[in-house]
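Here's the structure, in structure tokens; my notes come after.
Every number in this text was worked out from the coordinates using simple rules, so none of it is lab data. Please read these numbers as outputs of a predicted model, since none were measured by experiment. Cβ placement follows ideal geometry from the backbone for every residue including glycine, while neighbour counts extend to all protein chains displayed.
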Ligand code: SME
């Protein structure tokens with residue numbers, strides 16, 4: 001049984017705790033689906049105010065839904081489309097404070113109001129994206145960007 005505790009009151013410490021747990025859970029496990037599934041579950045437990053946390057994988061030139069926690073989501077996203085496809089195509093982290101004000105946002109859950117998408121790279125190779133949605137506008141800030149970038153870097157090794 002895994003029982004990780006996330007009780008930090010500040011974001012940098014919370015992301016450190018999350019990174020440690022993720023490192024421990026995925027170390028030595030070569031199966032990418034298993035690692036994405038546990039990562040999504042862990043992120044869903046650790047980070048408050050999320051309604052969706054999960055992965056889209058690059059497969060045959062488009063993003064395809066991977067393991068997640070949350071409501072059923074759109075399955076395929078072309079590169080360059082939506083927040084996920086744009087983050088993947090431009091290989092950069094994108095934070096959206098208000099999804100209603102972001103042209104091209106793809107609504108999978110009507111409750112989502114803000115979003116953070118981090119590309120996952122192994123070296124130069126794009127593997128997919130980590131996507132976090134929140135029902136609260138402006139839920140994500142610079143500390144979330146930093147924390148998620150570090151998590152995406154670890155996952156780049158563990159999902160390769
Ligand atoms: N909102 C995303 C689509 C994926 S869902 O949020 C799970 C986008 O615009 O790419």
Exercise. For the range 85-125, what is the convex hull volume of the alpha-carbon atoms per residue, in Å³?
Worked result: 73
Seminar exercise, completed: Per 10 angstrom bin, beginning at 0 and ending with the bin that holds the maximum distance, the Cα pairs of the range 121-160 fall in percents of 27, 46, 23, 3
For this session: Write down the Kirkwood hydrodynamic radius of the chain, to one decimal in angstroms, obtained as one divided by the mean of 1/r over all alpha carbon pairs.
Result: 15.4
Exercise. For the range 1-55, what is the per residue volume of the convex hull drawn over the alpha-carbon atoms, in cubic angstrom?
Worked result: 82
For this session: Only Cα pairs under 8 Å and at least 6 apart count here; give the relative contact order of the chain as a rounded whole percent.
Result: 23
Exercise. For the range 55-135, what is the Kirkwood hydrodynamic radius in Å, using each pair of distinct C-alpha atoms?
Worked result: 12.4
Seminar exercise, completed: Taking the alpha-carbon centre of each part, the distance from the range 2-18 to the range 48-106 in Å is 24
Exercise. Given the C-alpha centroids of the range 113-145 and the range 19-40, what is the distance between them in whole angstrom?
Worked result: 18
Problem set entry | Angstrom value of the Kirkwood radius, inverse mean 1/r, which spans all Cα pairs in the range 90-160 | 12.6
Problem set entry | Pairwise label distance in nanometres, residue 3 with residue 136, each label 7 Å out on the Cα-Cβ vector | 2.8
